[in-house]
Every structure is written in structure tokens, then in C-alpha cells.
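Report on the following structure.
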Amino acid sequence: MKTSDIIIKCLEKENVKFIFGYPGGAVLPLYESLRHSNIDHILVRHEQSAAHCASGYARASKEVGVCLATSGPGATNLITGIATAYMDSIPLVVITGQVNSNLIGKDVFQEADIVGSTEPFTKHNYLVKKAEDIPKIIKEAFYIAKTGRPGPVLIDIPVDIQRQKMKFNYPSNINILGYKPTYKGHLGQIKRALNKLKGSKRPLICVGGGIICANAVDEFREFVNKGQIPVIHTLMGIGALNEDSTYHLGMIGIHGNKGSKNIVSQADLIMIIGARIADRAHNLIQSLNNDIDIIHIDIDPAEVGKNIKSHVPIVGDAKTILQEFNKKITNLDTKDWINQLQIIKSTEKENNILDEKYVNPKVALNYLSDKAHNDCIVTADVGQNQIWTIKNFKFMGKRSIFTSGGLGTMGYSLPASIGAQFASTNKVICVTGDGGLQMSLGELGTIGQNDLPILIILFNNNRLGMVRELQYNAYGKGNYYGVDLKNPDFILLSKAYGIDGIRVNNNKEFEKVVENALKSDKPYLIECMVNPDFATL
Amino acid sequence: MQHFKEEIKINRRVLSVLVENQSGVLSKIAGLFSRRGYNIDSLSVGETENPKISRMTITIADDDYIIEQITKQLYKLIPVIKVIELKPDNAVYRELVLVKIKTTLETRASLIETTNIFRGKIIDVSKDTMTVELTGDSNKISAYIEMITPYGIVEFVRSGFAGLQRGNIKITD
Ligand SMILES: Cc1ncc(C[n+]2csc(CCOP(=O)(O)OP(=O)(O)O)c2C)c(N)n1
């Protein structure tokens, strides 16, 4: 059998349904084999989007997302997408073509050391040296990508190897000497943590994206309700708890709730679950009081104790660990503590002022949230539009949000929404800014070609809004530089891609069109004109 | 040669790392150190009794927190099988040094004598240089280097540390 056929067979064995890719000379044999397979190839308009699509697909399907690109520029174009997935622990298998094996290292046409370049932000990567290794490598790659702390795994396959012939034999099991992720939390530590919780007067949970990666939202909600423990979350932890839950206190970090610093500083115990406590949330951790007890749960041992010292470290899968907790946790007496927190929480005031000339994004998103399906998927880009979305759209029930939290990659939401829409029949809403949209604009073509019923909400402030605001804060009013966009006519543009859309100038107009847009089974773009000076918070 | 005198005082820590013997492992490990801002003092690597596995001995001058972080980050690399810290009281370390030293008719005899005291081996001689091979722990090597520095060191190379735990323990136990 041809090795390229075998590669595709292996992918079929791994239950791959879609590959997001872009062809080229170094993957010609693979494309020829794909042509004969049941796997759907989705042609994107830029390889970076292929990785983002795969990321959106992985998040929505809870499977491994797969993307494919040719050697050299195809491979290097993937890099931002791979790094984005790495930072948010998204399972991807990334396949790249490579020049002929005997030419590697000679700087030949379209050669790039993609294995070397992606080392810092892949969970693991492979350069295939022998065709016979391929089945084992693919099996390992999927296993590594989705187990333990998920992440992207890259396989670089020289084109001559794709053309070789060999016997197909897919390994049934794998044994990677150095890779044995811990799933079960240490029972002794869990007991210690339970005792600490029992002794605590003002416990607080800080939850991150790990809960969502571990598919442990149900277990988490059960734990919170049983224990009656208030919860604060990171950006990646949105959706872990219903926003209307009594225990939900909002987000920490520089774009978090204003009261969150205050909330954290009063706790006597904090239980961190699946959160990196990166610098943006870290300043808050510095406001912890001195004698606080810290319980830290993470699947990645390297996260525990990295940025914050923990008294009870528990390494393992959040789902199985919370199941253990749920067996033993009893109501904690937190009534007064919760009342006190509700007061702090309510200090947040939203800007709900309506303007005749502009859309108020906060009001628009609240309205959208009220009308949207209970199981919709929202993707948000990076910038003001992201913060407006996460703070004003209500993530309740089965709703989920996909955004680039770790790397903060602009241009993420549009391709991620494509991947999500391929994975799910739920409504996908893509929120983006005018800058971010133009970073992956070509994907309007992918949406149009595949007639994906994505609703795109574009907040057009004719600026790189968030940077404008940073400049304002740092250098004073009027001192902007390099952030003005002379935008195209987005409606004409989307129509050119076969996507219908409408521009709205104020919230009344927005409200008029949004319900129908949500019901539509066609792609649709609503361009909201936003005051360029409108603030993030 | 100030360098050698200081070295004795640095709080040196030694990690012994078993890795799968695949291509690119060394770059994965070295890359991890550089991008996380950890400094490697010395790194030596070679196959073990099992040709599928290599052992790296890495020395670092750092505190407990960093050692713990390094260890955890190393474990995140898929080819890394085992990481242990070799502690001075239950491990042996050796390093190989080759030094080319200036000699004259007058200094040659005393250099040979010094070298013998340190159990060094003279492996090459020319009209005005002598090359010595010396193995030992870092104190011995530093002491030797200090002794011969006044003669004039032309060139030297150190292999980096190699280390094993004492007794019948195996790293994988
Ligand atoms: C790829 C990339 N480049 C640059 C940045 C820095 N950056 C963060 S927010 C932002 C502005 C985003 O502008 P826009 O997409 O119009 O969204 P807005 O903030 O106006 O909602 C920029 C440039 C980034 N996050 N990602």
C-alpha cells in the first residue's frame, strides 16, 4: 500500500471526519489519497486559519482537531495557530509535508525546519524518518494530543516517504516510556483538602479552562452546589458555572470584575482548579491574604507550584478528582460569606447609555444573549470585542465560548467559528473587531463556499480599539498612533464572498435584525458601528 | 582564570535525566532550558546500557524552586523517562578535562610532578607544550587547573559532568 494511503487510513482509524488544510507540492501524495477517502477536506484561505479551524473543531467536538499544510511557507504559516492551541491546551494533530528526506538540511526550495521551530509550543513533534514508523507515530500523536494536558502535536512527513510502499498495520496499543499522565488525584491529598475546606470560613474557588478541557463542568457544578462554595473564574474558565448561580462571582484579572481583587483578598482558602494563574490574573493572587490556604488541582504537575505556592497540591484530571470530592463534600456554612460577596460583586456598573449615532456593544451583546439559543457556541476575537463579549453575553446552560485566552491571537474567532460549525449543529456566533476580522478575512470565502450558518457580529470602531485605549491610558487623550483603520465596506465585501449582511448604526437597528439573523440557516454578518472612544470596561 | 576559583563556591546541583534515544531530544532539552531562562552549567550525554535510552547529566547553579520547576518541565517532554537529582553525599561525579599547557625545559619536570600528584595522564608532548588528561570531581579539577595556571594554559576542554548514584540503586528504581 502507498504510505500516503496508510496515513489517511490511520486518520480514519482515529475517527477523523474533517481535515482543515491547504495543499502544496510536499503534500501532493496525501491529497491524492484524501481524494479517495471519506474524510472531508476543508480548504481554508490561509494555513493559520487551518490551525484555528481545527482548534474550533476540537473545542466543539471534544475530539482532536486535524490540520494539514505543505512544507516551508505552508508549515510556517501554521505556527501562530499551533502556538495559540498550545497556550489554551487544545488537542490538535498537525500534519506538514516536508521536502525529500535526502534534501533535508540543504535549504532547498520550500524547506523549513518546522519541527525545530514548533518545539517550544507543541506538546510533542515528530520528523518522520522511515515510512514504517508512521502508524506508530500517528497513533502516539493522537494519544498525546488528547490525554493528560491536551495540546498540539505536529508530524512532519517528507514527500518521498509519502510515496513509498509498505504493509499497513495499525498498532493496537502504545507504550511511551516517558509519558504516563496522572488522572487519579492522590486520595490522601483529597482528604487533606476536604479537611481544609471544612475548617474554612471563607472558601473561594478559582476555576480556569482546565475544567472545560477535562469535560468536568457537570462535576464542577455539583461540587459547588453541594459545598456551597463561591466561585471566581479566569477568562478560560467562563462557562464552568452558570452566570446566574448564587455562587458565581465573575472574572478575575485585569479585565475582570472590579470587585474581584477585594473578593480574593478576603478569602481564607482558595481552591484553584485548572488555571495557570498567569500574569494577568497573577496581580490578583498577590492580593491574597498571608495566611490563606491554597489547594491547587491541575493535570499538569508543572502548573502546580509554578506561579503560586500551594499547601495542598493535587495532580490529576479535574473530572475524576471532583468525583472524589463530590462523594465526601458536605454543605459548608458559607451563608454570611456569600452575602458579603454579593455586596462586593454588585459594585460593577455597566455603561448602558444608548446613543443615536452608535451601537453600544454592551447593550447589543446583552440583547443578543437574551435572544440566542441556550446551546449556542460563541467565538470571540481579541480586543475590546472579546472583553465586551465575555462580560455581557451570558454563558449559561450549555453555551460555550471559544477565544484565544493564552496567546491572545487576533484573527482567531472567524476560523474558530468555522471549525466549531463543522463540529456542531448548534448556532455558532462569531464576534470580532474590524482589525481581527481583517486578519483572517479570507475565511469569509470558506464560510461562503461551505454555506455555514455562522452569524458574524462585527464591532466596527474604525480602530484597533483596545490598543487605542492602551495608548490613551499610557500617553493621554488624542495621542494615538498606528491604530486607525481605513476600513473597506464590510457589507459589500461579505456580499462579494456570497454572504449576506447588514450594517446597523444603533441598538434599535441591531435589535430589529438580530432575531431573524439568529434563525437564519445561512451565513450572515451584522456590522455594528461603534463609537471609537467607547471603553472596554 | 578567575572562573575556576568561583566555581567551587557556586551551589551546584546535578540532575541525571534518562531520555529515549531519538533524534532531536538534545535540542528539545536544550531548548527547554534556554526558553525558560534556566542556565545550564554543563551537560553531558551518552547512551546507557540500553541503546534505546540515553543519560544526560545536567549541572545547574540554582535554588530548590528552580530545580523543581526544571524537573517538572523536563517531565513534560515526551522522550524524558526519569529525572533525579544526584546529591553529593550519595552520588559520584566525574568530569574529563584535556589541558594543553605551555612548557619550557625548566618547567617541564615540575609540571609532570604536579600532574602525577593529581593522577593526570600526559597524552601528548611537543617542544613547548604538554597535553594532560585528567578525570575527577570538580574540586580536584579546579585545584589542578589552579596549580597549572601560572605555567600558562594554551587550551583546555571539559567534557561536562557525568554522574551516578552510589550503591546498587538504579535511576529507574
Ligand atoms: C496577532 C495579533 N497582533 C496584535 C495584537 C495586539 N492587539 C491586541 S488587541 C488589538 C486591537 C484589536 O482591534 P480590533 O480587532 O479592531 O478589535 P477591538 O479592540 O476594536 O474590539 C491589537 C492590535 C494581537 N493581540 N494579536
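Being open to solvent by less than 50 Å² (accessible area, probe 1.4 Å) and within 16 Å of the ligand (Cβ to nearest atom) is true for just one of A:Gly72, A:Gly81. Which residue is that?
Values: A:Gly72 fails: within 16 Å of the ligand (Cβ to nearest atom).
Within the list A:Gly72, A:Gly81, the selection yields A:Gly81.
Residue-by-condition table, conditions (1) of a type outside the set (Val, Ile, Thr); (2) within 14 Å of chain B (Cβ to nearest Cβ); (3) open to solvent by less than 10 Å² (accessible area, probe 1.4 Å); (4) in contact with an Asp or Glu (Cβ under 7 Å, 6 or more places away or on another chain):
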position: A:Val128; (1), (2), (3), (4): no, yes, yes, yes
position: A:Asp133; (1), (2), (3), (4): yes, yes, no, no
position: A:Phe142; (1), (2), (3), (4): yes, yes, yes, yes
position: A:Ile157; (1), (2), (3), (4): no, no, yes, no
position: A:Arg163; (1), (2), (3), (4): yes, no, no, no
position: A:Thr182; (1), (2), (3), (4): no, yes, no, no
position: A:Gly188; (1), (2), (3), (4): yes, no, no, no
position: A:Lys191; (1), (2), (3), (4): yes, no, no, no
position: A:Arg202; (1), (2), (3), (4): yes, no, no, yes
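Mind listing whichever residues of region A:35-59 are assigned to a helix (DSSP H, G or I), touching a helix residue (DSSP H, G or I) at 6+ places or on another chain (Cβ under 7 Å) and open to solvent by 10 Å² or more (accessible area, probe 1.4 Å)?
Scanning region A:35-59 gives A:Glu47, A:Gln48, A:Tyr57, A:Arg59.
Pick out, from region A:371-473, the helices (runs of 4 or more DSSP H) lying fully within it that include 3 or more residues that are more than 8 Å from the ligand (Cβ to nearest atom) and among the polar types (S, T, N, Q).
Details: elements: A:384-392, A:413-423, A:434-439, A:443-450.
Answer list for region A:371-473: A:413-423, A:443-450.
So B:Val80 passes all but one of these: (1) hydrophobic (A, V, I, L, M, F, W, C); (2) more than 16 Å from B:Thr57 (Cβ to Cβ); (3) at pLDDT 95 or above. Which condition number does it fail?
Single failed check for B:Val80: (2).
Quick one: would you say A:Thr425 is surrounded by fewer than 18 Cβ atoms within 10 Å (Cβ to Cβ) and closer than 18 Å to A:Tyr57 by Cα?
Working: surrounded by fewer than 18 Cβ atoms within 10 Å (Cβ to Cβ): yes; closer than 18 Å to A:Tyr57 by Cα: yes.
So A:Thr425 fits the description; yes.
Considering each residue of region A:72-87, count those that are among the hydroxyl-bearing types (Ser, Thr, Tyr) and within 14 Å of chain B (Cβ to nearest Cβ), and give that number.
Taking region A:72-87 as the starting set, the residues that turn out to be among the hydroxyl-bearing types (Ser, Thr, Tyr) are A:76, A:80, A:84, A:86.
Now restrict to residues that are within 14 Å of chain B (Cβ to nearest Cβ): A:86.
Count: 1.
So, of the residues in region A:474-507 that are in contact (Cβ under 8 Å) with a residue 60 or more places away in the chain and outside any loop (DSSP other than H, G, I, E, B), which turns out to be surrounded by the fewest Cβ atoms within 10 Å (Cβ to Cβ)?
Narrowing region A:474-507 to residues in contact (Cβ under 8 Å) with a residue 60 or more places away in the chain: A:504-507.
Filter once more, so that each one left must be outside any loop (DSSP other than H, G, I, E, B): A:504, A:507.
Values: A:Val504: 19, A:Asn507: 22.
So, considering only residues that are in contact (Cβ under 8 Å) with a residue 60 or more places away in the chain and outside any loop (DSSP other than H, G, I, E, B), the one surrounded by the fewest Cβ atoms within 10 Å (Cβ to Cβ) is A:Val504.
Could you tell me whether A:Asn352 is closer than 26 Å to A:Gly199 by Cα, over 28 Å from the mean Cα position of the chain (by Cα) and surrounded by fewer than 16 Cβ atoms within 10 Å (Cβ to Cβ)?
On the way: closer than 26 Å to A:Gly199 by Cα: no; over 28 Å from the mean Cα position of the chain (by Cα): yes; surrounded by fewer than 16 Cβ atoms within 10 Å (Cβ to Cβ): yes.
Spelling it out, it is not the case that A:Asn352 is closer than 26 Å to A:Gly199 by Cα, over 28 Å from the mean Cα position of the chain (by Cα) and surrounded by fewer than 16 Cβ atoms within 10 Å (Cβ to Cβ).
Is it the case that some residue within region A:266-276 is surrounded by fewer than 21 Cβ atoms within 10 Å (Cβ to Cβ), touching a residue at least 12 places away in the same chain (Cβ under 8 Å) and more than 29 Å from the chain's Cα centre (by Cα)? Show your work before the answer.
Our first condition is that a residue be surrounded by fewer than 21 Cβ atoms within 10 Å (Cβ to Cβ); within region A:266-276, this holds for A:266, A:268.
Add one more test, that the residue is touching a residue at least 12 places away in the same chain (Cβ under 8 Å), and what stays is A:266, A:268.
Next cut, more than 29 Å from the chain's Cα centre (by Cα) only: A:266, A:268.
Yes: one or more hits.
From the list B:Gly167, B:Gly163, exactly one residue is part of a strand (DSSP E or B) and among the small types (Gly, Ala, Ser). Which is it? Reasoning before the result, please.
Details: B:Gly167 fails: part of a strand (DSSP E or B).
It is B:Gly163.
For A:Lys477, only one of the following conditions fails: (1) within 13 Å of the ligand (Cβ to nearest atom); (2) among the basic types (Lys, Arg); (3) modelled with pLDDT under 95. What is its number?
Here A:Lys477 clears every test but (1).
Which residue, of A:Lys486, A:Lys508, A:Lys522, is of a type in the set (Lys, Arg) and closer than 22 Å to A:Gly419 by Cβ? First the steps, then the outcome.
Values: A:Lys486 fails: closer than 22 Å to A:Gly419 by Cβ; A:Lys508 fails: closer than 22 Å to A:Gly419 by Cβ.
It is A:Lys522.
Residues of region A:88-123 being within 14 Å of chain B (Cβ to nearest Cβ) and either free of Cβ contacts under 8 Å to residues at least 40 places away in the same chain or part of a helix (DSSP H, G or I) (or both), which ones?
Across region A:88-123, the qualifying residues are A:Ser101, A:Gly105, A:Asp113, A:Ile114, A:Val115, A:Gly116, A:Ser117, A:Thr118, A:Glu119, A:Pro120, A:Phe121, A:Lys123.
Going by what's in this entry, would A:Gly178 be described as in contact (Cβ under 8 Å) with a residue 60 or more places away in the chain and either out of contact with any helix residue (DSSP H, G or I) (no Cβ under 7 Å at 6 or more places or on another chain) or assigned to a loop (DSSP other than H, G, I, E, B) (or both)?
Details: in contact (Cβ under 8 Å) with a residue 60 or more places away in the chain: no; either out of contact with any helix residue (DSSP H, G or I) (no Cβ under 7 Å at 6 or more places or on another chain) or assigned to a loop (DSSP other than H, G, I, E, B) (or both): yes.
Criteria not met by A:Gly178.
Give, as residue ranges, the strands (runs of 3 or more DSSP E) completely inside region B:2-108 that count at least 1 residues that are within 13 Å of chain A (Cβ to nearest Cβ) and surrounded by 15 or more Cβ atoms within 10 Å (Cβ to Cβ). Reasoning before the result, please.
Numbers: elements: B:12-20, B:42-47, B:53-61, B:80-86, B:91-102.
Passing ranges, in order: B:12-20, B:53-61, B:80-86.
Identify, from the list B:Glu113, B:Glu155, the residue that is modelled with pLDDT of 95 or more and more than 21 Å from the chain's Cα centre (by Cα). Before the answer, list the steps.
On the way: B:Glu155 fails: more than 21 Å from the chain's Cα centre (by Cα).
Only one candidate qualifies: B:Glu113.
Being within 13 Å of the ligand (Cβ to nearest atom) and basic (Lys, Arg): is that true of A:Lys357 here?
Working: within 13 Å of the ligand (Cβ to nearest atom): no; basic (Lys, Arg): yes.
Judged against the criteria, A:Lys357 is not a match.
Out of the residues in region A:370-412 meeting the condition of being in contact with a Cys (Cβ under 9 Å, 6 or more places away or on another chain) and polar (S, T, N, Q), tell me which one is farthest from A:Thr84 (Cα to Cα).
A:Ser400
The values are calculated or read from the model by the stated rules, or taken from the named source; none is laboratory data. Note that the coordinates shown come from a computational prediction; the quantities given were computed from them, not determined experimentally. Neighbour counts run over all protein chains shown; Cβ positions are idealised from the backbone, glycine included. Please note that ligands, DNA and RNA were not included when accessible areas were found on the heavy atoms of the full protein model with its side chains. Shrake-Rupley method; radii C 1.70, N 1.55, O 1.52, S 1.80 Å.
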